[in-house]
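Worksheet: the structure to be examined is printed underneath.
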Amino acid sequence: MVSKWMCVTAIVLATLGISACVPAEEAPDVASDRAPLCGGTKNCEDSEIGHTAQQAYVYGYPLMLMEYTKRALLQQPGGQVNRFLHQHRRPDPSDTAVVRPNQDTLYSVAFLDLSDGPQILDVPEVRDRYFLLQLLDGWSTSIAGSPGTANTGTEAQSFAIVGPGYEGSVDGVSGTYHLDTNLVWILGRTRIKQGERDRVEVIRTQRGYCLRSLADFQNGDRSNCERSVSLSDVGEGLLGMLLPETPPPPEIVGNMAMGRFLMELATLMADNPGYPADDALLSRFENVLGFVVGKPYTPSLSVLAAIQPAREAALRSMRAHAVGGLGQQSAGWSLALRDIGEYGDDYLRRAAVALVGFGANLPKDAIYPTSMADDRDQPLRGDQRYRLRFADNKSPPVVARFDGFWSVSLYDDIGFFIENPEQRYVVHSWELEPATDRDVDIYIGCDDRAAFDGDGLSGDDFWLPAATTDPIVLTLRMYAPGDAALPPEGGADDDLPAWTPPAIEWLGACSAL
């Protein structure tokens, strides 16, 4: 066991400062619809009420977290529904509002309300630059084929995004996305390289992302586009998203009393219905808890007392599943590659992913293997020397024609970049020579490059300094991953991809030389 804490960062960066580390506690599976109701308790009625309330919390957690994440975003200066906010700079160690920040892409985010009709998403021409405007419905399901380099190409296009109550077609668009909820999150990523010139180019691309009403689109009115991307409105962007003394969304939802939780969930679901597969579970909530979508939740005092402990029991189950049920282990790396981003009726998995990696991509779009251990199965530490070698030109497979790329980022045990004189926090594949045909060596650890003099570190190699004696974590991000890095089609659930990250080689202590 590496640690009593498991960081499930193989899923996604935690966009609003949701810690991706959860305690590795044991908990019974109280959230599965297939779990027994009464267990070994004597009072089956009370157990049924409590157990059903736990299911309701697990079921509704992603939608509730989505709603409070939206509220947090709208507190930003310039924050409005159906309007983009953009991040305009790369994070550094001073940024501690978000765990596992990345220096690969700049973010553009918006929350849509489709209850008044479709929104039209305009995308500019984006050539030679990876981008993805990931669409998520209110239940945190990622929509396959979201606009992006790999899915829709690089030409300037417009897309219609329509909600569950809309009937009819939208003319003049390149495609239409039908969402099951009126609440929609757009989580956009646009690749950035080093230098001010490239940053300006990214900002120019971001200014081309536009949301318009259907009426404005039909009338050719782009005035809202100009308002949506005003740099004076959006400022630096997302890293300081929460206002001072504002609790983060996971804390708000995680501390919510069960009665209030179910009351708000019933209201939210009026505009954001569940899926057809949820009908049986919703009938059970109505029969056992008196929970009816769209109606005020007014349980008796005895029911309120019976459901009160359900939140903590549900959270224990979610944490336990996040640690033990979301991914596979390979050579010290944690891989979460199956059933991420789309969950069907696996409500526990959906809630566990929301708990530790809200906004998860579909693996086809991006994957994030993470390692906390070396080739000895020992925790990675900043006062040790390591080497990550992609040998024989077997670098992480990404799809070049989709402008796919990869990166390796180093974090402290909390999830922040580590200050160092080199100001080096990440290695990117675009830093390699285009026709490189050699081993790619990334040296990790220590605060002095000379510590690696006897290990073969040369000017062609990369070094990620770690000016700390505490544990460290590596995250490998792969954008537009190749098929070799994804689970084989038709394989068993425990089948590993053809390509997995190599083990991180321990070279000794920093002070050993």
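None of the figures in this text is laboratory data; all of them are computed from the coordinates on show. Keep in mind that this is a model prediction, so the values were computed, not measured. Ideal geometry is used to build each Cβ from the backbone, glycine not excepted, and the neighbour counts take in all protein chains shown.
Can you sort THR500, THR246, THR298, THR475 so the residue with the fewest Cβ neighbours within 10 Å comes first? Spell out each step's value before the answer.
Working: THR500 18, THR246 13, THR298 10, THR475 24.
So the ranking, lowest neighbour count to highest, is THR298, THR246, THR500, THR475.
Suppose we take every Cα in region 260-329 and form the convex hull; what volume per residue is that in Å³?
Values: hull volume 7.8 nm³, N = 70.
So the per-residue hull volume is 111 Å³.
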Inset, instruction - With a point put 7 Å past each Cα toward its Cβ, work out how far ARG89 is from GLN308 in nm, to one decimal. - result: 4.8 nm
Inset, instruction - Measure of size requested: the Rg and Dmax of region 76-234, with Cα atoms as the atom set and Å as the unit; please supply both. - result: 15.4, 49
Inset, instruction - Would you kindly give the portion of the calculated P(r) for region 369-512 that falls above 25 Å, as a percent of all Cα pairs? - result: 28 percent
Inset, instruction - Determine, from the Cβ-Cβ distance of ASP345 and ASP493 and an R0 of 25 Å, the FRET efficiency 1/(1 + (r/R0)^6), rounded to the nearest 0.05. - result: 0.95
Inset, instruction - List, largest first, the extents of the alpha carbons of region 322-452 along their principal axes, each in whole Å. - result: 53, 36, 27
Inset, instruction - Starting from the Cα of ALA467, step 7 Å along the direction of its Cβ; do the same at ARG260; then give the gap between the two resulting points in nm. - result: 4.3 nm
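Starting from 0.36 nm per residue, how many nanometres of slack lie between GLN329 and GLU155 once their C-alpha separation is accounted for? Working shown, then result.
Values: separation 174, 0.36 × 174 = 62.64 nm, distance 3.90 nm.
So the chain would gain 58.7 nm between GLN329 and GLU155.
Average projected area of the Cα convex hull of region 64-109, in nm²? Provide the component values of the computation, followed by the final result.
Working: hull surface 15.4 nm².
With every direction weighted equally, the projected area is 3.9 nm².
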Inset, instruction - Return the distance in nm (one decimal) between the two label points of a simple spin-label model at ALA509 and SER223, each offset 7 Å from Cα along Cα→Cβ. - result: 7.0 nm
Inset, instruction - Show which aspartates and glutamates lie in cross-link reach of LYS394 when reach means a straight Cα distance below 15 angstrom and same-chain residues fewer than eight apart are skipped. - result: GLU433, ASP437, ASP439, ASP441, ASP483
